[in-house]
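Here the structure comes first, spelled out in structure tokens, and everything after it is commentary.
The values are calculated or read from the model by the stated rules, or taken from the named source; none is laboratory data. Keep in mind that this is a model prediction, so the values were computed, not measured. When we count neighbours, we look across all protein chains shown, and the Cβ atoms used for this are built from the backbone with ideal geometry, even at glycine. Protein only, heavy atoms only, side chains kept; ligands, DNA and RNA dropped before computing areas. Shrake-Rupley method; radii C 1.70, N 1.55, O 1.52, S 1.80 Å.
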Amino acid sequence: MTRKPWPLPFWIAHRGAGKLAPENTLAAFRLGAQYGYRAFECDVKLSSDGLPFLLHDAILERTSNGQGVAGEQRWRELSLLDAGSWHGRSHAGEPLASLEAAARFCIANRFALNIELKATPGQELLTGQVLGREVLRLWAGSGLAPLFSSFDPLSLQGARQSAPEVPRGLLLDSLRSGWLDEALGLGCQAVITNFRLMDRTTLETIHAAGLRALVYTVNDPAAAQTLIAAGVDGIITDAVDRFSPA
Ligand code: G3P
Ligand code: MG
């Protein structure tokens, strides 16, 4: 079966550099790159004034000195927060990254990016729609394209509406009824599961449908070996110091 162009190499650094640097910041991307990574996963949501930026949680407390729901705050205020001190003193003052900053870093270095649409609850469709437009703007003329992924079908639907040509992957943390039809119905090129779900049957089902099969978040060498032997198409890892993409 002929497959469409695919934007990612096999090894993908989770949230930039896993747990070795403050997640979803440019400091993490830089550290992941120092370990030889050429592809990065990050979580993206919208500020209250519609600017896409990198943050995993809906709220700010765990990974910054901010408080409350991130998506209810303007980028001007969010951009002044310290998103590094929580991780360690050497990262004090590290700002939250806008998607634009992450895009510039990746495009300049010819790195690939997996943008996980991690919408503030209630903004799933809008987040996908805005991100589709932003990706077309930011990556225009670069010859590169990111991969969109999401656990939320509405976000993927939104991205498909505004940027149908940008590839999409459905994230799964359970093999719920109808998951393959859902991925196909959303025009996805990939299914990205929790690695514990990816047995040979699941892998063959995904491949037989003409899709790629990726897994998150694999940090154990034995688990990685098993998944590689089974034929997965990509691994998202925190363990950038343990697995060398070369
Ligand atoms: O995209 C794979 C992985 O990042 C999904 O889980 O919670 O780390 O965003 P989470
Ligand atoms: Mg993620």
Picked from the range 53-63 (must be of a type outside the set (Val, Ile, Thr) and open to solvent by 10 Å² or more (accessible area, probe 1.4 Å)), the residue farthest from ligand 2 (Cβ to nearest atom) is Glu61
Can you report the number of residues in the range 9-19 which are within 16 Å of ligand 2 (Cβ to nearest atom) and surrounded by fewer than 24 Cβ atoms within 10 Å (Cβ to Cβ)? 2
Which ones in the range 213-232 are surrounded by fewer than 21 Cβ atoms within 10 Å (Cβ to Cβ) and in contact (Cβ under 8 Å) with a residue 40 or more places away in the chain? Thr217, Asn219
Taking the condition of being open to solvent by 40 Å² or more (accessible area, probe 1.4 Å), touching a residue at least 40 places away in the same chain (Cβ under 8 Å) and touching a strand residue (DSSP E or B) at 6+ places or on another chain (Cβ under 8 Å), how many residues in the range 64-84 meet it? 1
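Rundown of residues vs (1) part of a strand (DSSP E or B); (2) among the aromatic types (Phe, Trp, Tyr); (3) under 19 Å from Lys19 (Cα atoms); (4) touching a His at 6+ places or on another chain (Cβ under 9 Å), yes/no style:
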position: Leu31; (1), (2), (3), (4): no, no, yes, no
position: Val44; (1), (2), (3), (4): yes, no, yes, no
position: Asp57; (1), (2), (3), (4): no, no, yes, no
position: Gly66; (1), (2), (3), (4): no, no, no, no
position: Glu77; (1), (2), (3), (4): no, no, no, no
position: Leu80; (1), (2), (3), (4): no, no, no, no
Of the residues in the range 89-105, those that are open to solvent by 40 Å² or more (accessible area, probe 1.4 Å) and either under 17 Å from Asp43 (Cα atoms) or within 16 Å of ligand 2 (Cβ to nearest atom) (or both) come to Pro95, Glu100, Arg104
Is at least one residue of the range 196-206 at negative phi, touching a residue at least 60 places away in the same chain (Cβ under 8 Å), in contact with a helix residue (DSSP H, G or I) (Cβ under 8 Å, 6 or more places away or on another chain) and crowded, with 16+ Cβ neighbours inside 10 Å? no
Could you please find all residues in the range 1-51 being hydroxyl-bearing (Ser, Thr, Tyr) and within 27 Å of Glu165 (Cβ to Cβ)? Thr2, Tyr37, Ser47
Could you list, in sequence order, all residues of the range 136-172 that are open to solvent by less than 10 Å² (accessible area, probe 1.4 Å), closer than 21 Å to Ala70 by Cβ and away from ligand 1 (no atom under 16 Å from the Cβ)? Gly158
Which of the residues belonging to the range 106-122 are out of contact with any Ser or Thr (no Cβ under 8 Å at 6 or more places or on another chain) and crowded, with 18+ Cβ neighbours inside 10 Å? Cys106, Phe111, Ala112, Leu113
Just give me the residues in the range 27-51 being within 16 Å of ligand 2 (Cβ to nearest atom) and either of a type in the set (D, E, K, R) or open to solvent by 10 Å² or more (accessible area, probe 1.4 Å) (or both), in sequence order. Glu41, Asp43, Lys45
